[in-house]
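Chemist: Handing you a structure now.
The values are calculated or read from the model by the stated rules, or taken from the named source; none is laboratory data. Predicted model, so just to flag it, every value in this text is computed and none were measured. All Cβ positions, even for glycine, are placed from backbone atoms using ideal geometry, and neighbour counts span all protein chains on display. Please note that ligands, DNA and RNA were not included when accessible areas were found on the heavy atoms of the full protein model with its side chains. Shrake-Rupley method; radii C 1.70, N 1.55, O 1.52, S 1.80 Å.
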Amino acid sequence: MSWAWFHKLGSPKWFFSWSKSWPLPVFCFGCFCLVIGLAWGLAFAPADYQQGNSFRIIYIHVPVAMLAQSCYLALGVSGFVFLVWQMKMAPIFIKAMAPIGAIMALIALVSGAIWGKPTWGTWWVWDARLTSVLVLFFLYMGIIALQNSLEDQVLANKAAAVISVVGLINLPIIKYSVVLLETLHQGPTFTLTKKPEMPAEMWLPLLFSVIGLYCFVAGVVLWRMQSEILIREHRSSWVKQEVMEHGL
Amino acid sequence: MTYSSFLVSEFLVLWRRKQDVFNALLFFIIVVALFPIGINSSPDFLAPAAAGIVWCAAVLAILMAVESMFKEDYRDGSLEQLVVSGLSLPLLILLKVVAQWLAVVLPLLVMMPLLSEMLYLPRSGFRVLIMTLLIGTPSLFFIGVIGAALTVSIKQGAMLVMLLILPFYLPVIIFSTLAIKAAQAGLPYSGLLAMLLAMSLMSLVISPFMTAIAVKASVN
Amino acid sequence: MQSSASLTISDLWIERGERDLCKGLSFSVQSGDVVRILGENGAGKSSLLKVIAGVLSPLEGQILYSGEDVTLDRNPLQQDAIYLGHSIGVKSLLTVAENLRWYCPDVSTSMLYSVLTQLGLIDQVDVPVKKLSAGQARRVALARLWLNKKTLWLLDEPFASLDVRGVALLEERIQQHVLLGGLVILTTHQDLLSIALRDVALLL
């Protein structure tokens with residue numbers, strides 16, 4: 001297997017020209033799937049026999065929560081890549097991805113709370129999953145705050161990579177400890193870990209919205225990376241040429 | 001510079017700055033005192049909550065102490081000298097953390113009998129509280145020192161370190177308080193202590209290298 | 001101390017913030033040289049010293065020390081070098097003697113006292129550095145140059161905040177060092193009048 005593509009990832013110029021045609025189709029495809037999934041799920045899928053219509057929020061909550069975790073995994077991996085191979089694209093990716101992940105975690109929290117009100121009777125329950133998403137949100141905010149307060153670019157890159165890697169190592173432990181906390185607490189918590197078997201009309205729209213949201217986020221992150229590349233490389237000749245030829 | 005001369009100088013500086021350690025301990029006592037005063041001072045509330053109160057206060061006090069660990073060295077250039085000393089930077093950091101741990105945690109342990117009386121912590125829980133503090137706090141230091149090194153170049157970095165590092169402290173707090181509660185209830189707790197020990201050992205292995213990367217990036 | 005040390009730098013490129021420094025710089029110096037790095041403010045004099053010392057990493061280029069490639073791992077060079085930066089690395093809470101013991105633990109007390117006498121710090125041996133003046137604190141940092149046996153000296157503005165006597169002492173010490181086969185690289189605005197050896201000026 002050739003590793004050439006991997007080394008090419010170190011060059012922002014290569015990445016920029018390679019990725020130029022990607023974001024728009026990916027983004028549009030994502031939007032398309034998302035619209036289908038959401039419309040299907042919210043309007044046409046049959047209501048749950050236990051939870052009625054309130055279950056429909058899973059078409060937002062589940063994809064968003066999945067994204068929030070996947071984003072952190074991606075951050076940690078790219079942080080590792082940066083620390084080991086000094087790949088220039090990795091910090092750009094982290095910078096582009098962190099706010100998206102934070103927003104996903106926030107939406108997951110809010111939609112979870114909205115779901116919790118009719119289902120559990122309260123907006124908030126110290127349920128293991130909710131708590132770990134809350135911690136995930138804090139981790140994202142930490143990375144963003146750190147990047148914003150460090151003026152020096154080299155230091156900001158290293159710092160974000162270090163904290164992402166440490167976060168990735170810690171995340172399973174945090175998750176495990178939170179689950180442990182919940183199972184040992186004798187509080188009045190409901191756990192909805194066992195999902196009922198879903199009919200196809202229910203999970204197909206879910207699949208659509210999950211795929212749609214992944215593509216949607218991929219498109220947005222690619223765009224953010226491209227603009228970050230332009231900002232960081234604004235002194236280099238290829239950026240000047242690019243702007244002269246194609247405009248902004 | 002050698003490892004032993006570095007350690008000696010670290011202890012000397014800690015001794016000259018004993019007021020700082022003293023402040024951290026006072027801060028710890030005040031935070032502990034806030035709970036009986038602010039929530040409920042009856043033994044019914046305090047006895048089961050004592051472990052959590054002590055641990056939350058300890059986490060805050062330790063993070064305050066760790067946060068400023070590199071500040072002075074960064075200002076006077078001795079951090080830079082560590083980088084160019086030709087010695088292993090991760091090992092120097094490890095020694096520094098050990099010195100700091102001894103200076104902060106040992107006095108903390110000495111105060112524990114007094115505090116556990118004030119919080120009506122039962123005898124059965126006290127022994128486990130000491131054990132969790134002994135084997136759990138190293139991981140607090142090792143994780144916190146990464147944040148301290150990352151933010152050393154920022155003037156007002158204390159709040160940022162809190163935001164950055166406190167989420168990582170959650171598992172340590174959870175394992176410790178669960179162990180103490182289990183002991184109070186007469187349940188087995190050795191598994192939880194083993195988890196704490198594992199966390200401390202893991203952070204001992206990983207943190208010096210991460211901190212060294214952060215220090216090198218910060219001093220340039 | 002190595003009898004014949006050499007430092008070769010080729011095609012260096014340092015990036016600091018938004019600026020390129022020392023782009024394409026190459027030079028080679030050896031034992032017996034006093035290298036003065038000259039240049040305007042912001043030309044990258046301090047950055048060049050930091051790169052050699054291993055505080056900074058260059059974007060590109062190669063660094064050889066006594067024939068060994070130290071571009072990626074500066075350790076062999078650091079074992080044999082002293083770097084004095086803008087911040088002098090003297091701990092203000094420690095006394096003069098404690099500071100020097102930290103850097104040079106193997107030095108004998110009589111040696112330490114004779115150097116401190118020479119530098120006019122003998123009355124301050126047990127005074128914490130925070131009570132000394134800026135010039136005196138500087139002398140404490142410079143005392144390492146008398147107490148160590150390292151070959152390569154990387155000195156960033158070593159004459160700053162020194163009085164006339166201090167400057168003369170340091171110049172004398174530098175001369176002595178290169179006569180014995182040392183290699184000194186420094187940034188300064190001062191003409192080194194008393195040094196009559198091979199004095200290489202490197203203009204950035």
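Chemist: If you take every DSSP beta bridge whose two residues both sit in the protein assembly as shown, what share of them, in percent to the nearest 5, is antiparallel? Provide the component values of the computation, followed by the final result.
Modeler: Details: 17 of 35 bridges.
Expressed as a percentage, antiparallel bridges in the protein assembly as shown total about 50.
Chemist: With the solvent-accessible surface defined on protein heavy atoms using a 1.4 Å probe, which residues belonging to the range A:116-158 display a reduction of at least 50 Å² in accessible area in the multichain context relative to the isolated chain?
Modeler: Residues losing area: A:L146, A:L155.
Chemist: Mind grabbing the base-10 log of I(q)/I(0) for the range C:1-118 at q = 0.10, 0.12, 0.17 Å⁻¹? Debye formula, identical points on the C-alpha positions, no solvent, two decimal places.
Modeler: -0.40, -0.56, -0.97
Chemist: Moving on. If you count only protein heavy atoms with a 1.4 Å probe, what accessible area per residue comes out for the range B:3-219, rounded to a whole Å²? Please list the in-between numbers first.
Modeler: Working: 8390 Å² over 217 residues.
For the range B:3-219, the per-residue accessible area is 39 Å².
Chemist: Which value in Å is the Kirkwood Rh of the range C:128-173 over different Cα pairs? Write down the numbers at each step before the final one.
Modeler: On the way: mean 1/r = 0.0883 Å⁻¹.
When all Cα pairs of the range C:128-173 are included, the Kirkwood radius is 11.3 Å.
Chemist: Sticking with this one: In square nanometres, what is one fourth of the surface area of the convex hull spanned by the alpha carbons of the protein assembly as shown?
Modeler: Details: hull surface 142.3 nm².
Convex hull of Cα atoms, orientation-averaged projection: 35.6 nm².
Chemist: Okay, moving on. Over chain C, with every protein chain in place, what whole percent of the accessible area is carbon and sulfur at 1.4 Å, could you tell me? Kindly include the intermediate steps, with their values, before the conclusion.
Modeler: Details: 4320 of 8660 Å².
Result for chain C: 50 percent of the exposed heavy-atom area is carbon or sulfur.
Chemist: Once the Cα atoms of helix A:23-39 and of chain A are each reduced to a long axis, what angle between those two axes, in degrees from 0 to 90 to the nearest 10, is obtained?
Modeler: Long axis of A:23-39 versus the principal axis of chain A: about 10 degrees.
Chemist: Determine the shielding of peptide A:169-180 by partner chains: average, over its residues, the number of Cβ atoms on other chains within 10 angstrom of each Cβ. Don't skip to the answer; put the middle values down first.
Modeler: On the way: counts 5, 10, 2, 1, 10, 6, 1, 4, 10, 3, 1, 7.
Mean partner shielding for this stretch: 5.
Chemist: Assign unit charges at the C-beta atoms only (+1 for Lys and Arg, -1 for Asp and Glu), then state the dipole size of chain B relative to its Cα centre in Debye, rounded to the nearest 20.
Modeler: Details: 11 positive and 9 negative charges, 18 e Å.
Roughly 80 debye, rounded to the nearest 20.
Chemist: Okay, next question. Looking at the range C:57-92, which residues lose a minimum of 10 Å² of accessible area between their chain alone and all protein chains in place, measuring with a 1.4 Å probe and not counting ligands or nucleic acids?
Modeler: C:N75, C:Q78, C:Q79, C:Y83, C:S87, C:G89, C:V90, C:K91, C:S92
Chemist: So if I average 1/r over every pair of distinct C-alpha atoms in chain C and take the inverse, what Kirkwood radius in Å does that give? Please report the intermediate quantities before stating the final value.
Modeler: Values: mean 1/r = 0.0571 Å⁻¹.
With all distinct Cα pairs of chain C included, I get 17.5 Å.
Chemist: Keeping every protein chain present and rolling a 1.4 Å probe, give me the accessible area per residue for chain A in Å². All intermediate terms of the calculation are to be shown ahead of the outcome.
Modeler: Numbers: 12670 Å² over 248 residues.
Per-residue value: 51 Å².
Chemist: Calculated from DSSP H runs of 4 or more alone, at -39500 (n - 2.57) each and per residue, what is the 222 nm mean residue ellipticity of the protein assembly as shown, nearest 500?
Modeler: Working: 24 runs with 436 residues, N = 672.
It lands at -22000 deg cm²/dmol.
Chemist: Follow-up. Compute the long axis of helix A:58-85 from its Cα atoms, compare it with the longest principal axis of the Cα atoms of chain A, and write down the angle in degrees, 0 to 90, nearest 10.
Modeler: 40
Chemist: With contacts defined as alpha carbon pairs under 8 Å and 6 or more residues apart, what's the relative contact order of chain C in percent?
Modeler: On the way: 356 pairs, mean separation 65.4, N = 204.
With pairs under 8 Å counted, the relative contact order is 32 percent.
Chemist: Give me the net charge for the shell around B:I180: Cβ to Cβ below 13 angstrom, other residues only, Lys and Arg +1, Asp and Glu -1. If you can, show how the numbers build up before the last one.
Modeler: Working: positive: B:R123, B:R127, B:K181; negative: none.
So the environment of B:I180 carries a net charge of +3.
Chemist: On the principal axes of its Cα set, how long, how wide and how thick is chain A? Give whole Å, largest value first.
Modeler: Largest first, chain A extends 62, 39, 37 Å along its Cα principal axes.
Chemist: Over the Cα atoms of the range A:18-149, what is the Rg over Rh ratio if Rh follows Kirkwood? Walk me through the numbers on the way to the answer.
Modeler: Values: Rg = 17.5 Å, Rh = 16.7 Å.
Rg/Rh: 1.05.
Chemist: Take each uninterrupted DSSP H stretch in chain B, measure its Cα extent along the helix axis, and return the ones at 27 Å or beyond whose mean Kyte-Doolittle hydropathy is at least 0.0.
Modeler: Working: long enough: B:18-38 (30 Å, 1.71); B:43-67 (35 Å, 1.72); B:89-118 (42 Å, 1.97); B:123-150 (41 Å, 1.57); B:158-184 (36 Å, 1.94); B:190-219 (42 Å, 1.77).
Span-like helices, by this rule, are B:18-38, B:43-67, B:89-118, B:123-150, B:158-184, B:190-219.
Chemist: When you have a sec, figure out the Kirkwood radius of chain B from all distinct Cα pair distances and drop it here in Å to one decimal? It would help to have the intermediate numbers written out before the result.
Modeler: On the way: mean 1/r = 0.0555 Å⁻¹.
Result for chain B stands at 18.0 Å.
Chemist: Take every Cα pair under 8 Å in the range B:3-219 that's 6+ residues apart, average their separations, divide by the length, and report that relative contact order as a whole percent.
Modeler: Values: 230 pairs, mean separation 60.7, N = 217.
RCO, the range B:3-219: 28 percent.
Chemist: Pairs of Cα atoms under 8 Å, at least six residues apart: use those to get the relative contact order of the range C:37-118, whole percent. Write out the running numbers ahead of the final one.
Modeler: Details: 33 pairs, mean separation 13.1, N = 82.
For the range C:37-118, the relative contact order is 16 percent.
Chemist: Less than 14 Å Cβ to Cβ from C:L49, Lys/Arg counted +1 and Asp/Glu -1: what total charge do the surrounding residues give?
Modeler: On the way: positive: C:R16, C:R36, C:K45, C:K50, C:R74; negative: B:E80, C:D156, C:E157.
Taking every Cβ under 14 Å from that of C:L49, the sum is +2.
Chemist: For C:K23, list long-range residues whose amide hydrogen, built 1.01 Å from N in the peptide plane, is under 5 Å from its own amide hydrogen.
Modeler: Correct list: C:I14.
Chemist: Using the alpha-carbon atoms, what tilt in degrees (0 to 90, nearest 10) does helix C:109-118 show relative to the longest principal axis of chain C?
Modeler: The helix C:109-118 is inclined about 80 degrees to chain C.
Chemist: Here's another thing I want to ask about it. Put simply, what bits of the range B:160-175 lose 30 Å² or more of accessible area when the other protein chains are there, versus the chain on its own (1.4 Å probe)?
Modeler: B:L160, B:L163, B:L164, B:P167, B:F168, B:L170, B:P171, B:I174, B:F175
Chemist: Would you tally the net charge around B:T151, using a Cβ to Cβ cut-off of less than 11 Å, leaving B:T151 out, and scoring K and R as +1, D and E as -1?
Modeler: Numbers: positive: B:K71, B:K155; negative: B:E67.
Within the 11 Å Cβ shell, the charges total +1.
Chemist: With a 1.4 Å probe, how much accessible area is buried between chains C and B, both sides summed, in Å² to the nearest hundred?
Modeler: Values: alone 9840 and 10860 Å², together 18570 Å².
Its buried surface, counting both partners, is about 2100 Å².
Chemist: Cut-off 10 angstrom, C-alpha nodes, Gaussian network model of chain B. Which of B:V145, B:V161, B:V83 fluctuates the most?
Modeler: Comparing B:V145, B:V161, B:V83 in the GNM, the peak value goes to B:V83.
Chemist: Quick query: amide H of C:L180 versus all other amide H atoms, modeled in the peptide plane; which residues come in under 5 Å with a sequence gap of 5 or more or a different chain?
Modeler: Result for C:L180 returns nothing.
Chemist: For the range C:73-120, what size does the Cα cloud have along each of its three principal axes, sorted from largest down, in whole Å?
Modeler: 37, 22, 17
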